[in-house]
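What follows is one structure encoded as structure tokens, with my remarks underneath.
A short reminder: the numbers here are calculations on the coordinates, not readings from a lab. The model shown is predicted, which means the values in this text are computed figures rather than measured ones. Because the Cβ atoms are built from the backbone with ideal geometry, glycine has one as well, and the counts that use them run over all protein chains shown.
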Amino acid sequence: MSVVMWGSNISWALTVGLGYYDPHIQVSLSEEELQLKDSIPTVTLVKEAVGSEWSTFRGERTAGIDKIKELRLRIADEDARRKKEKTDEIEADEKKIKSTRTKK
């Protein structure tokens, strides 16, 4: 026998593997799952689900921040390289102009 629960039992739906809350999605539980649900306090289930979601989010956020830092460093290095190339070109052009003036 299977029982259909709606959004009122979100904590159990999360631990069963739904992964997110949608009040329109039905979660079917077997008899064994219902007995397990009744034996574990709902607060514990919510804490576990929240803890799991937070650690996953924090890991993804940290990875994203690290990637952004890396990209910013690459951009800064590229900008510095371009500025140096431009400065070198300007200096080379000035040397050419000076050398042509001194030859005359």
So if each residue of separation counts as 0.36 nm, and I subtract the Cα-Cα distance between Thr44 and Arg101, what length gain in nm does that give?
12.0 nm
Using a Förster distance of 30 Å, the FRET efficiency for Lys84-Arg58 (Cβ separation, nearest 0.05)
0.15
Considering only the other residues whose Cβ falls under 14 Å of the Cβ of Asp88, what net charge follows from Lys and Arg at +1 and Asp and Glu at -1?
+2
Check the straight Cα-Cα distances from Lys69 and name the aspartates and glutamates below 16 Å, setting aside those fewer than 8 residues away within the same chain.
Glu60, Asp77, Glu78, Asp79
